[in-house]
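**Q** Quick one: structure below, then a few questions.
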Amino acid sequence: NQQLDLWMTLPKSSAPIRKFQTEMTKKLHVIIVSDDFKTFLHIHPALSPTGHFVITQAFPAAGTYYIYADGLPNDLNHQVFRFKVDVGHPSPPSARNLPTTGMGVQTGPYEVDLSSVRLHSGKMEMLDLQILENGKPAKDLHPYLGAAAHAVFLNAKDLSYVHVHPMGADMMMMD
């Protein structure tokens, strides 16, 4: 087990910020991903009165992990910070040769189908997705943390990060 202690400060200050806005029912979203992208954790630590978010985490193996802290401190804009943490005796950085998955991914009885697997940085893009259960639209899904779904995109080359929440078809505006 490793103890992680995260806090944010204002520029030119060492005092932890003690007030965070709630986004998707949580004060902070923490993403932990291994260097080879084989481990992915999404954690929501509690904010202590001191302004610290403390996590006790069991890492599955020695290695290098990237930790993304994603939140809205005070009345500031959205903030995302990335930290590199070595656990045990990490191996050399991996090449992150990810297998091509195509536009559909199967997990148990569910299949997630994407309209595209090519996105472009710096551009607003719409990505349609469908969740099927045994080949038919899934009917047993429920909102999680106030959203129909959550998606985290990580760039394998530069480790840039995006955390998004979809709009239902009934929420899309028509031109």
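The values are calculated or read from the model by the stated rules, or taken from the named source; none is laboratory data. Just so we're clear, the structure is a prediction, and the values are computed from it rather than from any experiment. Cβ atoms come from the backbone with ideal geometry, glycine included; neighbour counts cover every protein chain shown. These area figures cover heavy atoms from the full protein model, side chains too; ligands, DNA and RNA do not enter into them. Shrake-Rupley method; radii C 1.70, N 1.55, O 1.52, S 1.80 Å.
**Q** May I ask you to list pairs of residues, at least six apart or on different chains, whose Cβ atoms are under 7 Å apart, with the first in the range 31-58 being in contact (Cβ under 8 Å) with a residue 24 or more places away in the chain and the second being among the aromatic types (Phe, Trp, Tyr) and part of a loop (DSSP other than H, G, I, E, B)?
**A** Once the first residue is in contact (Cβ under 8 Å) with a residue 24 or more places away in the chain and sits in the range 31-58, its partners that are among the aromatic types (Phe, Trp, Tyr) and part of a loop (DSSP other than H, G, I, E, B) give Gly51/Trp7; His52/Trp7; Phe53/Trp7.
**Q** Looking at (1) touching a Lys or Arg at 6+ places or on another chain (Cβ under 8 Å); (2) closer than 23 Å to Val87 by Cβ, can you tell me which one Val30 breaks?
**A** (1)
**Q** To continue, here is another question. Return yes when Thr50 is more than 23 Å from Ala151 (Cβ to Cβ) and not in a loop (DSSP other than H, G, I, E, B) and no when it is not. If you could, list the steps in order and put the result at the bottom.
**A** On the way: more than 23 Å from Ala151 (Cβ to Cβ): yes; not in a loop (DSSP other than H, G, I, E, B): no.
No: the conditions fail for Thr50.
**Q** Looking at the range 96-111, is at least one residue in contact with a strand residue (DSSP E or B) (Cβ under 8 Å, 6 or more places away or on another chain) and over 27 Å from His165 (Cα atoms)?
**A** no
**Q** Filter the range 142-167 for residues that are in contact (Cβ under 8 Å) with a residue 40 or more places away in the chain and assigned to a strand (DSSP E or B); which is farthest from Tyr68 (Cα to Cα)?
**A** Per the criteria, the residue is Ala147.
**Q** A further question on this structure: Mind checking which residues of the range 34-54 are modelled with pLDDT under 95 and not acidic (Asp, Glu)?
**A** Ser34, Phe37, Lys38, Thr39, Phe40, Leu41, His42, Ile43, His44
**Q** So, one more: Count, please, the residues in the range 1-52 that happen to be of a type in the set (S, T, N, Q), open to solvent by less than 60 Å² (accessible area, probe 1.4 Å) and under 17 Å from the mean Cα position of the chain (by Cα).
**A** Residues in the range 1-52 being of a type in the set (S, T, N, Q), open to solvent by less than 60 Å² (accessible area, probe 1.4 Å) and under 17 Å from the mean Cα position of the chain (by Cα): 2 in total.
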